[in-house]
Amino acid sequence: MTVPSGRRERKKAATRQKIADTALRLFLDRGYDAVGLRDVAAEADVAVTTIFAHFAAKEALVFEQDDTFEHRLTRAVTDRPPHEPLIPALRRELHAMVRHCTADGAAPTWRMIDQSPALRDYEESMKRRHAQALATAIAADLGLPPATTACRTIARFVIDAHSLARQAADPEAAVDEIFEMIEAAWAATGLSRSDLGRAAAGQR
């Protein structure tokens with residue numbers, strides 16, 4: 001009998017989440033470097049090959065929301081209401097993301113990341129990829145080439161805002177403070193006029 005594709009996808013997602021949850025629990029209990037993929041596979045009752053079917057590397061087990069993070073950022077650009085300017089849309093999304101990553105129980109995971117050179121390196125490569133995806137989305141929204149320097153710069157500022165805010169004593173206030181500077185930088189590029197023009201056209 002053919003299994004409906006929706007059911008297959010749900011089973012895949014459940015297996016992926018089980019692996020990620022198991023790995024994070026083991027990493028926090030024993031230390032990231034002390035746990036191997038065989039340990040994770042045995043605890044999650046899957047084969048090591050199954051882990052690699054869902055995650056490209058051991059580090060990816062810690063950042064299992066990686067793709068979701070990237071998609072949320074790009075959708076904040078592409079799916080925002082026609083009347084909403086770019087920077088406020090990104091600020092709103094960053095607020096939601098920072099609330100998620102600073103929620104109760106998240107601190108031990110971030111401490112583990114900060115203490116592991118391998119995880120910090122992986123996070124940096126992830127941030128570069130997210131910045132590139134966001135820059136491409138911003139440029140496409142304004143009808144500009146993907147390599148436009150202003151779009152790449154603003155995208156990097158936004159990605160860094162997430163890291164800076166999550167480390168702040170008051171993450172919500174930090175997002176607002178950082179985005180005041182991003183707003184000023186965006187206005188200085190002159191591209192904000194095109195962005196505002198798009199918003200004005202959406203209100204008509």
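The values are calculated or read from the model by the stated rules, or taken from the named source; none is laboratory data. Everything quoted here is computed from the prediction, not taken from an experiment. Counting neighbours? That spans all protein chains shown, and the Cβs are built from the backbone with ideal geometry, glycine included. The accessibility values were calculated without ligands, DNA or RNA, using every heavy atom of the protein model including side chains. Shrake-Rupley method; radii C 1.70, N 1.55, O 1.52, S 1.80 Å.
Annotations
- Cα-based radius of gyration of the range 18-79 once divided by 2.2 N^0.38 Å, which approximates compact folds: 1.29
- FRET efficiency, Lys18 to Ala140 (Cβ-Cβ, R0 35 Å, nearest 0.05): 0.45
- A cut-off under 13 angstrom between Cβ atoms defines the neighbours of Ala20, and their net charge, with Lys, Arg +1 and Asp, Glu -1, is -1.
- Net length gained if the chain between Ala57 and Ala168 were fully extended (0.36 nm per residue, minus Cα distance): 37.0 nm
- Computed extension gain for Ala147 through Met181, at 0.36 nm per residue and net of the alpha carbon distance, reaches 10.0 nm.
- Here is how the number arises for the chain: DSSP H runs of 4 or more residues each give -39500 (n - 2.57), the sum is divided by the residue count, and the result at 222 nm is -25000 deg cm²/dmol.
- Spatially proximal lysines relative to Lys127 (Cα-Cα < 27 Å; intrachain offsets below 8 disregarded): Lys12, Lys18, Lys58
- Note on the chain: with a GNM built from Cα contacts shorter than 10 Å, the maximum mean-square fluctuation among Ala107, Ala131, Ala188 falls on Ala188.
- With all protein chains kept in place, the per residue accessible area of the chain amounts to 54 square angstrom at a probe of 1.4 angstrom.
- Accessible-area composition of the range 82-204, carbon plus sulfur, in percent [1.4 Å probe]: 56 percent
- Max mean-square fluctuation residue, GNM over the chain, Cα-Cα springs under 10 Å, options Glu84, Glu43, Glu59: Glu43
- Only Lys, Arg (+1) and Asp, Glu (-1) charged, at Cβ; the chain dipole about Cα centre in debye: 780 debye
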